[in-house]
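Below you'll find the structure, written out as structure tokens, and then a few comments.
The values are calculated or read from the model by the stated rules, or taken from the named source; none is laboratory data. All values reported here derive from a predicted model rather than from experimental measurement. All Cβ positions, even for glycine, are placed from backbone atoms using ideal geometry, and neighbour counts span all protein chains on display. Protein only, heavy atoms only, side chains kept; ligands, DNA and RNA dropped before computing areas. Shrake-Rupley method; radii C 1.70, N 1.55, O 1.52, S 1.80 Å.
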Amino acid sequence: MSGVLSRRLVAIDALRGLVMLLMLLDHVRETFFLHRQVGDPMDVTTTEPALFIGRTLAHLCAPVFVFLTGLSAALYWQKTSSLKKTAEFLFKRGLVLILLEITLVNFAWTFQFPPSVVYLQVIWAIGLSMVALSALIWLPAGVLLPLAVVIIAGHNLLDGIHATPGSFWAIPWAILHDRGWIELGDAMRVRTSYPVLPWIGVISLGFLAGRFYRAEITTHQRQRLLAMTGVAALAAFVVLRLINGYGEKPWVSGENSVQTVMSFFNITKYPPSLMFLLLTLSLGLLLLALFERFQDKQLLVWIGLFGAAPMFFYLLHLYVLKALYLMAVALWGLNHGEYFGFDTVWQVWLGTIVLAAALVVPVRRFAAFKARRRDITWLKYF
């Protein structure tokens, strides 16, 4: 059983590693191309195609990572055969991630201590989703599945609901669905960048997908199930997007065919729209099936290194990017108004490739250390 499970994890680590690299691309853009900011969704009339493609590819990161977090919880349950241990692990790990978000992660973005602004971003969303999942896993699959679908498919119906600042439900609503600011006195503000409600639906689907990884499911059956589910979700995206009536801001015909295609695939991340999740999760499922089929390829093994120690890589790349930015400003000064940055999108891609090649060595060593020293409890959180 353990040998079969370890082979399955190669594909999971490879997919997680791929989205970590796409995240690196997006964060290089946010560090060295911030003078060319993009909206959510993007303005396709002013966003060049190369920038649009890079940002759209990065959309895979959060939903795939949250989905894989739920899937990993299901595999942990299969390994321990204990819902109680799984719930405890999810709850404790979720709290650790929330703590990391408001301390080490936030400091990497702001370099302020004590901070005047705390950004609750993807690590926060994953952590809070794990805490929620620690309670939801006790529900029967026949209840959890429709609940997850209702959350993902129906949360856009709540888009027009906004809490009055200062009201008793302003803070919980900002955390759940309505991205905004929470005032904590005169000295600190909190930004709920990742409203958590739809992510709870995504992590629940990931947990339910663990049924595809049971011992009685053959490799061929699992790959077929993953591919069929992915195709069905992708078809739903295309059909609903053509109808153009729900789950996303309407797309329009542009001045040319490129702008029209960009408008069709222009999706909203904060909070993730139904179209956003259908497109990204469908591609994630298809890639997961493909990666398991070719998981012995050296390229996937290399990519999987970044997925074997995801939190270590996440924290490392944030601090390296901040250090590189400060060094660049010190050496060359600000060259784009208030920012230092690259001049073209291809430089963003090149910088990402160079940085990934440099970071693979410490990530590989930490992953090996983590695998070798399973007796060190805190390593499992990285």
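The residue pairs whose first member lies in the stretch 202-217 and is over 23 Å from Met275 (Cα atoms), whose second member is of a type in the set (Phe, Trp, Tyr) and part of a helix (DSSP H, G or I), and whose beta carbons are closer than 8 Å, counting only pairs six or more residues apart or on different chains, are Gly210/Trp77.
Could you please let me know if Ala108 is under 19 Å from the mean Cα position of the chain (by Cα), open to solvent by less than 30 Å² (accessible area, probe 1.4 Å) and within 15 Å of Gly206 (Cβ to Cβ)? Spelling it out, it is not the case that Ala108 is under 19 Å from the mean Cα position of the chain (by Cα), open to solvent by less than 30 Å² (accessible area, probe 1.4 Å) and within 15 Å of Gly206 (Cβ to Cβ). Does at least one position in the stretch 115-128 carry a residue that is open to solvent by 10 Å² or more (accessible area, probe 1.4 Å), more than 18 Å from Trp199 (Cα to Cα) and out of contact with any strand residue (DSSP E or B) (no Cβ under 9 Å at 6 or more places or on another chain)? The answer is yes; a qualifying residue exists. Counting only residues that are within 19 Å of the chain's Cα centre (by Cα) and within 29 Å of Val96 (Cα to Cα), which one in the stretch 150-180 is surrounded by the most Cβ atoms within 10 Å (Cβ to Cβ)? My answer is Ile152.
Residue by residue, here is whether (1) more than 29 Å from Gly210 (Cβ to Cβ); (2) among the small types (Gly, Ala, Ser); (3) not in a helix (DSSP H, G or I) holds:
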{"residue": "Ile98", "(1), (2), (3)": "no, no, no"}
{"residue": "Trp109", "(1), (2), (3)": "yes, no, no"}
{"residue": "Gln112", "(1), (2), (3)": "yes, no, yes"}
{"residue": "Gly127", "(1), (2), (3)": "no, yes, no"}
{"residue": "Leu133", "(1), (2), (3)": "no, no, no"}
{"residue": "Trp138", "(1), (2), (3)": "no, no, yes"}
{"residue": "Asn156", "(1), (2), (3)": "no, no, no"}
{"residue": "Thr164", "(1), (2), (3)": "yes, no, yes"}
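Can you confirm whether the stretch 229-236 contains a residue that is more than 27 Å from Trp138 (Cα to Cα), open to solvent by 70 Å² or more (accessible area, probe 1.4 Å) and either among the charged types (D, E, K, R) or outside any strand (DSSP E or B) (or both)? Yes: one or more hits.
Got a number for residues in the stretch 138-149 being touching a residue at least 60 places away in the same chain (Cβ under 8 Å) and surrounded by fewer than 21 Cβ atoms within 10 Å (Cβ to Cβ)?
Our first condition is that a residue be touching a residue at least 60 places away in the same chain (Cβ under 8 Å); within the stretch 138-149, this holds for 141, 144-145, 148.
Narrowing further to those that are surrounded by fewer than 21 Cβ atoms within 10 Å (Cβ to Cβ): 141, 144-145.
Going through the stretch 138-149 one residue at a time, the tally reaches 3.
For residues that are open to solvent by 10 Å² or more (accessible area, probe 1.4 Å) and in contact (Cβ under 8 Å) with a residue 60 or more places away in the chain, scanning just the stretch 270-284, find the one that is nearest to Glu248 (Cα to Cα). So, considering only residues that are open to solvent by 10 Å² or more (accessible area, probe 1.4 Å) and in contact (Cβ under 8 Å) with a residue 60 or more places away in the chain, the one nearest to Glu248 (Cα to Cα) is Leu274.
Taking Glu216 as the residue in question, decide whether it is part of a loop (DSSP other than H, G, I, E, B), farther than 25 Å from Leu133 by Cβ, open to solvent by 60 Å² or more (accessible area, probe 1.4 Å) and modelled with pLDDT under 95. Please lay out each step first, then the result.
Working: part of a loop (DSSP other than H, G, I, E, B): yes; farther than 25 Å from Leu133 by Cβ: no; open to solvent by 60 Å² or more (accessible area, probe 1.4 Å): yes; modelled with pLDDT under 95: yes.
In short, no.
The helices (runs of 4 or more DSSP H) found entirely in the stretch 253-345 that carry 3 or more residues being within 29 Å of Gly230 (Cβ to Cβ), touching an Asp or Glu at 6+ places or on another chain (Cβ under 8 Å) and at pLDDT 95 or above are 274-293.
The condition of being surrounded by fewer than 17 Cβ atoms within 10 Å (Cβ to Cβ), in a helix (DSSP H, G or I) and free of Cβ contacts under 8 Å to residues at least 40 places away in the same chain holds for only one of Thr103, Thr46, that being Thr103.
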